[in-house]
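Read the structure below first, then the notes.
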Amino acid sequence: FAFIGVLKTEEKCIQCHSNFKVGEVRGGIQVSVPLSNYESSIDTIFEQFNIFYTLVFLFFSVALAVIYYFITVIFAEKEKIQQLNISLEQKVLARTKEIEKHYEREHFLKKLLETISELNENLILSYSLSSIIEGSLNTLHNHADYKIIIFGYYENGIFYIRYVLGDKYELLKKRD
């Protein structure tokens with residue numbers, strides 16, 4: 001090991017070395033230490049340093065591989081979960097539509113049952129055929145799903161209208 005350094009004059013140097021000014025170079029110093037006695041220790045330090053770097057490199061490589069693996073697994077699972085969510089949402093939507101359809105059907109049947117019950121009550125309480133017909137037509141007209149009520153009879157292949165209730169009379173004019 002060898003070291004050579006420049007010695008510059010400082011203020012405290014002027015006390016002993018009056019022939020120099022502050023900042024001038026007044027000499028140098030050389031230090032030499034033979035390292036042959038320490039060669040095995042230096043080799044050991046370099047070997048340990050190389051082992052340390054190798055271990056650190058291996059640790060970070062393994063850590064990166066593990067992180068990469070978990071990230072790919074997480075994203076793969078995330079995609080599966082998203083597909084399952086989409087499938088579940090579609091099933092829920094289909095079930096909701098089916099339930100709504102059944103609910104509407106139930107509501108319709110409930111109203112129909114109420115109408116039939118009113119018609120039945122009208123049959124029991126009425127005293128003449130015309131009051132039965134009139135009460136029945138009014139009961140049917142009050143049902144929300146019946147847009148027009150037509151009462152009549154067929155004779156010799158011709159339909160004769162006796163009563164029409166409802167505001168959709170223009171439906172009669174259409175052939176369909």
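The values are calculated or read from the model by the stated rules, or taken from the named source; none is laboratory data. The shown structure was predicted, so the numbers you read here are calculated from the model rather than taken from an experiment. Backbone-built Cβ (ideal geometry, glycine too); neighbour counts: all protein chains shown. In case anyone asks, the SASA skips ligands and DNA or RNA and just uses the protein heavy atoms, side chains included. Shrake-Rupley method; radii C 1.70, N 1.55, O 1.52, S 1.80 Å.
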key: Correct option for Rg and Dmax of the Cα atoms in Å [calculated from the coordinates] among (1) 16.7, 50; (2) 53.2, 152; (3) 16.3, 55   = (2)
key: Near-label residues of segment 118-146 by backbone N, under 18 Å of a point 7 Å along Cα→Cβ of I161   = 134, 137-138, 140-142, 146
ask   = Say we join alpha carbon atoms closer than 10 Å with springs in a Gaussian network model of the chain; which of S126, S32, S117 then has the biggest fluctuation?
value = S32
query = With the chain treated as a Gaussian network of Cα nodes joined by springs under 10 Å, which of V31, V22, V92 yields the largest mean-square fluctuation?
reply = V22
query = Quick one: length gained pulling E24 to Y146 fully straight, 0.36 nm per residue minus the C-alpha distance?
reply = 32.1 nm
ask   = Counting only heavy atoms of protein chains, what accessible area per residue, in Å², does segment 20-176 have with a probe of 1.4 Å?
value = 89
task = Compute the acute angle (0 to 90°) between the alpha-carbon long axis of helix 129-142 and the principal axis of greatest extent of the alpha-carbon atoms of the chain; round to the nearest 10°.
result = 10
inquiry  = Just to confirm the number: angle between the C-alpha axis of helix 39-125 and the first principal axis of the chain, 0 to 90 degrees, nearest 10?
reply    = 10
query = When only Cα pairs under 8 Å and 6 or more residues apart are kept, what is the percent relative contact order across the chain?
reply = 10
request  = Using Cα centres only, tell me the gap between segment 74-123 and segment 35-68 in whole Å.
outcome  = 69
ask   = Simple spin-label model, 7 Å along Cα-to-Cβ: I124 to L109 in nm?
value = 2.3
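Give the relative contact order (percent, whole number) for segment 1-64; include only Cα pairs under 8 Å separated by 6+ residues.
Details: 49 pairs, mean separation 20.2, N = 64.
Relative contact order comes out at 32 percent.
Ignoring ligands, DNA and RNA, what percent of the 1.4 Å accessible area of segment 51-146 is carbon and sulfur?
Its accessible area is 67 percent carbon and sulfur atoms.
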note = Out of N122, N50, N37, a Gaussian network model of the chain with alpha-carbon springs under 10 Å gives the largest mean-square fluctuation to N37
